[in-house]
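A short reminder: the numbers here are calculations on the coordinates, not readings from a lab. As the structure is a computational prediction, the values presented were derived from the model and not from experiment. All Cβ positions, even for glycine, are placed from backbone atoms using ideal geometry, and neighbour counts span all protein chains on display.
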Amino acid sequence: MRMRPRSIRARDTVVAAIIAALVWGVTAVGVDFAVRTIVRADLLQRTQVDARRVSGGVRDGTLRGPIPDDSGGRVLVQVVEPGGLVREATPAAAGRPPVSRLWPSPGLRVRDFTECRGSWPHRRCLVAEAIRATTAPDSVVVYAAEPMPSYLVNGLLEGLLAAGVAALAGLAAWITWRVVGRTLGPVEAIRAQLAEISATDLSRRVPEPPGEDEIAQLARTANATLDRLESAVGRQRQFASDASHELRTPIAGLRANLEDASMHPEDNDLPAVVEQALHDTDRLESIVTDLLLLARIGTGGTVAQEPIDLSALAGAEIGRRTFQVKIEKELAHGVTVRGVRMQLVRLLGNLLDNAERYADRVIAVEAARDGEHALLTVTDDGVGIAPADRERVFERFTRLDTARSRGAGGTGLGLAIAREIAEAHGGTLRVEDDARGARFVLRLPLAPE
Ligand code: ADP
């Protein structure tokens with residue numbers, strides 16, 4: 001069974017009340033003890049003075065008649081004979097039985113004590129001193145006694161202290177309840193808003209309390225997360241719609257050709273139709289392959305990374321191809337990164353495909369170390385990319401309005417894939433300034449030696 005309350009507010013309140021009760025309880029016990037000690041010492045001191053004065057009088061025989069009382073009847077003094085007869089007394093103590101039966105022995109003539117009679121609520125206690133006047137066997141005993149104040153006898157002091165402890169614990173609980181309630185108010189507001197946002201639309205934001213405290217930071221973080229979520233969802237939606245749009249054009253073309261061939265077989269050259277249909281299917285296939293690749297990059301933490309020599313990889317990829325233009329290589333030694341070989345081959349392949357498509361006469365490929373990074377650049381001497389388009393070309397399905405873009409029939413996904421791969425490897429891929437044409441720069445962290 002769980003006894004802990006579910007709400008933080010209730011839990012904190014209970015803890016505060018318990019701590020306050022413990023602390024104030026210990027304090028109250030101390031106060032009780034101190035009050036009793038001080039009061040008793042004070043009473044005893046007065047009874048001692050009277051007892052000693054009177055026993056002195058008994059010993060030197062100067063005590064005659066009723067004992068004078070300067071305490072206003074508070075201190076009771078009696079001189080009692082061995083038989084229990086009260087020989088002399090102060091006016092307040094006259095005509096009463098002896099205040100105590102305690103009879104000091106000759107060896108211990110002076111005794112201090114507290115004596116109580118009756119039961120609650122009529123209980124009375126006396127603080128007393130008894131002095132045996134002499135060591136003689138028939139010596140009288142002088143008693144001086146004073147009643148203890150009633151609040152020490154009937155439990156009033158303890159009752160008040162307990163009430164005080166309870167009140168202070170209650171105060172601590174109340175303050176905690178209020179303070180925690182005020183602190184957690186914004187958390188509840190954030191939670192309620194988040195619950196609604198996840199149920200309705202992502203464009204809403206949670207309330208941000210002013211200040212820099214943890215709750216304000218929580219709200220800000222929640223809103224930043226919502227920003228990212230919203231734009232990710234937006235991008236996904238845009239991507240899906242772009243992808244469908246992109247697939248629709250070749251499908252429509254394919255369908256038009258096939259319909260035309262089936263309706264007018266006599267006007268069509270069947271092998272040519274099939275040839276065109278195969279071409280369209282190829283294009284569809286390459287779009288779908290690219291889309292699948294894009295969806296997979298960066299999501300699989302499972303793909304094995306291995307140390308890869310970028311220069312060797314670039315050399316092999318260039319060697320595998322035949323170029324229509326001149327190719328210049330400048331590949332340094334020891335440019336090693338950690339990565340997925342297939343993906344890096346794909347990245348470089350995309351850059352080389354583009355470079356070859358746009359280059360006039362020459363492509364330059366360079367691999368080098370740059371501080372903590374490996375650098376791989378692919379530069380061509382074609383039309384280049386205007387600064388305003390240098391980010392746009394990395395977006396999915398972007399094709400700049402140059403003649404070659406349109407004619408060559410790329411999927412428009414090549415650079416998006418390349419950048420995604422670079423980022424999945426903890427690196428960057430950017431277009432940089434170049435005097436001749438387009439210059440793509442890949443920066444990857446070097447593998448630890
Ligand atoms: P595509 O399949 O069209 O090549 P990419 O994502 O590879 O798609 O490229 C996007 C666009 O960026 C291209 O259509 C082209 O307009 C532009 N681009 C890419 N590489 C170059 C380059 N080397 N020189 C000039 N423009 C380029």
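With a sphere of radius 13 Å drawn around the Cβ of residue 175, what net charge do the other residues whose Cβ falls strictly inside it have (Lys, Arg +1; Asp, Glu -1)?
Details: positive: 9, 178, 182; negative: 12.
Value of the local net charge: +2.
To check you understand DSSP bridge types, tell me what percent of the beta bridges within the chain (both residues inside) are antiparallel, rounded to 5. Walk me through the intermediate numbers first.
On the way: 48 of 54 bridges.
Around 90 percent antiparallel, to the nearest 5.
Normalised by 2.2 N^0.38 Å, with N the number of residues, the alpha-carbon radius of gyration of the chain equals 2.28. Considering only 331, 374, 345, and ranking their Cα positions along the charge dipole of the range 330-382 that arises from unit charges at the beta-carbon of Lys, Arg, Asp and Glu, the one farthest toward the positive end is 345.
Quick one: check the C-alpha center-to-center distance for the range 136-162 versus the range 331-410, whole angstrom. The range 136-162 and the range 331-410 have Cα centres separated by 103 Å.
Give the calculated FRET efficiency between residue 31 and residue 238 to the nearest 0.05, with a Förster radius of 56 Å applied to their Cβ-Cβ distance. Don't skip to the answer; put the middle values down first.
Details: r = 74 Å, r/R0 = 1.32.
For residue 31 and residue 238, the calculated efficiency is 0.15.
Fully extending the segment from residue 191 to residue 373 would add 61.2 nm, taking 0.36 nm per residue of separation and subtracting the current Cα-Cα distance.
With the simple spin-label model, which puts each label point 7 Å out from Cα in the Cβ direction, the residue 46 to residue 449 separation comes to 9.4 nm. Helix 214-263 versus the longest principal axis of the chain: what is the Cα-based angle in degrees, 0 to 90, to the nearest 10? Value to nearest ten degrees: 20. Helix 8-60 and the longest principal axis of the Cα set of the chain meet at an angle near 20°. The slack in the chain from residue 200 to residue 116, taken as 0.36 nm per residue of separation less the alpha-carbon distance, amounts to 22.5 nm.
Determine the calculated [θ] at 222 nm for the chain from helices alone, applying -39500 (n - 2.57) to every DSSP H run no shorter than 4 residues and normalising by the residue count; nearest 500 deg cm²/dmol.
Result for the chain: -17500 deg cm²/dmol, rounded to the nearest 500.
Neighbour counts of other Cβ atoms within 10 Å put 143, 151 in the fewest-to-most order 151, 143.
Relative to the Cα centre, the charge distribution of the chain, modelled as +1 at Lys and Arg Cβ and -1 at Asp and Glu Cβ, gives a dipole magnitude of about 3660 debye. Listed from fewest to most Cβ neighbours within 10 Å, the set 177, 103 follows the order 103, 177.
Modelled label positions at residue 361 and residue 101, each set 7 Å beyond Cα in the direction of Cβ, lie 13.5 nm from each other. Work from the charge dipole of the chain (Cβ charges, +1 for Lys and Arg, -1 for Asp and Glu, about the Cα centre) and give the residue of 152, 415, 284 farthest towards its positive end. Positive-end residue among those listed: 152. Fully extending the segment from residue 255 to residue 281, taken as 0.36 nm per residue of separation minus the present Cα-Cα distance, adds 8.3 nm. A cut-off under 13 angstrom between Cβ atoms defines the neighbours of residue 239, and their net charge, with Lys, Arg +1 and Asp, Glu -1, is -2.
The residues packed around residue 40, meaning those with a beta-carbon under 13 Å from its beta-carbon, carry a net charge of -4 if Lys and Arg are +1 and Asp and Glu are -1.
Taking the convex hull of the Cα atoms, report for the range 306-445 its projected area averaged over all directions, in nm².
It is 7.8 nm².
Per-residue Cβ neighbour counts within 10 Å put 379, 135, 90 in the sequence 135, 90, 379, beginning with the fewest.
Dipole of the chain computed with +1 at Lys/Arg Cβ and -1 at Asp/Glu Cβ about the Cα centre; of 322, 428, 364, farthest Cα towards the positive end is 428.
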